[in-house]
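Readers should treat all values here as calculations from the given coordinates under stated rules, not as data from a laboratory. From a predicted model like this one, the values you see are computed outputs, not experimental measurements. Here Cβ is always computed from backbone atoms with ideal geometry, including for glycine, and neighbour counts include all displayed protein chains.
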Amino acid sequence: MKKYSPSNLPPGFTEFWKHYPKKVGKGQAIRAWVTNDCETIWEEIVKATRRYPFSEDKQYIKHPSTWINSWAWEDTFEEEGGNNEW
């Protein structure tokens, strides 16, 4: 496994970090990124980060490492105005 430092981060992770709304636990996030081999699909992850329905209240936004470890970029969700049968 390649070692990263704060001054030497993978380009995909750097893009993800720019777009993720909760800037906490960067060290844990980079470990999750490497463990989940996210660099190979970073464009998909960044695209999902841009469209993900994050709460406006940051206390309800997952830490970045949790978001990565749960593969949240693969989550599906109802678009606003969708047909909710409940």
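Collect the residues in segment 24-40 that are out of contact with any Gly (no Cβ under 6 Å at 6 or more places or on another chain), in contact (Cβ under 8 Å) with a residue 12 or more places away in the chain and not polar (S, T, N, Q), keeping them in residue-number order.
Residues satisfying the conditions are 24, 25, 26, 29, 30, 31, 32, 33, 34, 38.
Restricting attention to segment 63-80, which residues are hydroxyl-bearing (Ser, Thr, Tyr) and either within 14 Å of residue 32 (Cβ to Cβ) or assigned to a helix (DSSP H, G or I) (or both)?
65, 66, 70
Quick check: is even one residue across segment 5-22 surrounded by 17 or more Cβ atoms within 10 Å (Cβ to Cβ) and in contact with a Gly (Cβ under 7 Å, 6 or more places away or on another chain)?
No, the conditions are met nowhere in segment 5-22.
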